[in-house]
1. Only one residue in 156, 139 is over 30 Å from residue 8 (Cβ atoms) and modelled with pLDDT under 95, so which one is that?
2. Do we have residue 33 as in contact (Cβ under 8 Å) with a residue 24 or more places away in the chain and either basic (Lys, Arg) or within 30 Å of residue 98 (Cα to Cα) (or both) here?
3. Regarding the stretch 98-119, can at least one residue be identified that is assigned to a helix (DSSP H, G or I), over 24 Å from residue 77 (Cβ atoms), among the polar types (S, T, N, Q) and modelled with pLDDT under 90?
4. Got at least one residue in the stretch 53-69 being closer than 30 Å to residue 184 by Cβ and at pLDDT 95 or above?
5. Can residue 22 be described as part of a helix (DSSP H, G or I), on the phi < 0 side of the Ramachandran plot and surrounded by fewer than 14 Cβ atoms within 10 Å (Cβ to Cβ)?
6. If you scan the stretch 50-69, which residues turn out to be assigned to a helix (DSSP H, G or I) and either in contact with a helix residue (DSSP H, G or I) (Cβ under 6 Å, 6 or more places away or on another chain) or of a type in the set (D, E, K, R) (or both)?
7. If we scan the stretch 33-49, do we find a residue that is hydrophobic (A, V, I, L, M, F, W, C), farther than 28 Å from residue 118 by Cβ and in a helix (DSSP H, G or I)?
Amino acid sequence: MRYHFDFGWLADYYPALIKGIFVTVELTLVGAILGILVGIACAWARALGPRWLKPFVAAYVELIRNTPFLIQLFFIFFGLPGIGVQMNEMTAANLAMVINLGAYSCEIIRAGIQATPRGQFEAGASLAMTRFETFRHVVLVPSLQRIWPALSSQVVIVMLGSSVVSQIAAEDLTFAANFIQSRSFRAFEAYFVSTAIYLALAILLRQALTAVGMLIFPRRVRR
């Protein structure tokens, strides 16, 4: 049997695709910005923070890195209401992405901190800086510069992983693809288009993160 390709439904369903793209981009931006901030805080706690704090941060990182993102999302959206914590699907999706990226970026950033020459810490101490001040003013930017490609890759992975938020009815790109194929019965075309869009988003996001790296770390470009 010969299959007849038909993309004519795009004219009727493109608003759903556009909305799905915007929701995916929103989830990615919120998850990336807040997740990296969480990762920086946790990396500082694990590498340079007080001893009593390290076990709690380590437990958070190991819990998130060793459980599926979908289970984390379900726990937040379906589990927390059991103890009285209610939230809508977008809030739950954003929170899950921030928590997930925070744990992964923590380890990436911590690797950058641990690669910092000891002399930089000693230089900060000689200027009467606290450990946090040394981290903020001396260590943080060079550490981020070292691991920016790896961190960028993790952000792209989290963006692609956001497709599972459709399981809690967050109207992202995957939700739109499921909706379209359920109405048009053109599953191949619907998922082909959504795959192409995810590919384009991933490439654009990687390029945007590279541009941000060039802006934040100009010395890296001149090498």
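1. 139
2. Details: in contact (Cβ under 8 Å) with a residue 24 or more places away in the chain: no; either basic (Lys, Arg) or within 30 Å of residue 98 (Cα to Cα) (or both): yes.
Spelling it out, it is not the case that residue 33 is in contact (Cβ under 8 Å) with a residue 24 or more places away in the chain and either basic (Lys, Arg) or within 30 Å of residue 98 (Cα to Cα) (or both).
3. From the stretch 98-119, those assigned to a helix (DSSP H, G or I) are 98-114, 118-119; that's our starting set.
Next cut, over 24 Å from residue 77 (Cβ atoms) only: 107-114, 118-119.
Filter once more, so that each one left must be among the polar types (S, T, N, Q): 114.
So of that shortlist, the ones also modelled with pLDDT under 90 come out as 114.
So far as the stretch 98-119 goes, yes, one or more of its residues are assigned to a helix (DSSP H, G or I), over 24 Å from residue 77 (Cβ atoms), among the polar types (S, T, N, Q) and modelled with pLDDT under 90.
4. Narrowing the stretch 53-69 to residues closer than 30 Å to residue 184 by Cβ: 69.
If we keep only those that are at pLDDT 95 or above as well, we get 69.
Yes, there is a match, as at least one residue in the stretch 53-69 is closer than 30 Å to residue 184 by Cβ and at pLDDT 95 or above.
5. Numbers: part of a helix (DSSP H, G or I): yes; on the phi < 0 side of the Ramachandran plot: yes; surrounded by fewer than 14 Cβ atoms within 10 Å (Cβ to Cβ): yes.
So residue 22 fits the description; yes.
6. 54, 57, 61, 62, 64, 65, 69
7. Taking every residue of the stretch 33-49 in turn, at least one turns out to be hydrophobic (A, V, I, L, M, F, W, C), farther than 28 Å from residue 118 by Cβ and in a helix (DSSP H, G or I).
Matching residues to (1) in contact (Cβ under 8 Å) with a residue 24 or more places away in the chain; (2) under 22 Å from residue 146 (Cα atoms); (3) touching a His at 6+ places or on another chain (Cβ under 8 Å); (4) surrounded by 17 or more Cβ atoms within 10 Å (Cβ to Cβ):
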| site | (1), (2), (3), (4) |
| --- | --- |
| 28 | yes, no, no, yes |
| 52 | no, no, no, no |
| 62 | no, no, no, no |
| 72 | yes, no, no, yes |
| 84 | no, no, no, no |
| 92 | yes, no, no, yes |
| 95 | no, no, no, yes |
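The values are calculated or read from the model by the stated rules, or taken from the named source; none is laboratory data. Note that this is a predicted model, so its numbers are computed, not measured. Note: ideal-geometry Cβ built from the backbone for every residue, glycine included; neighbour counts use all protein chains shown.
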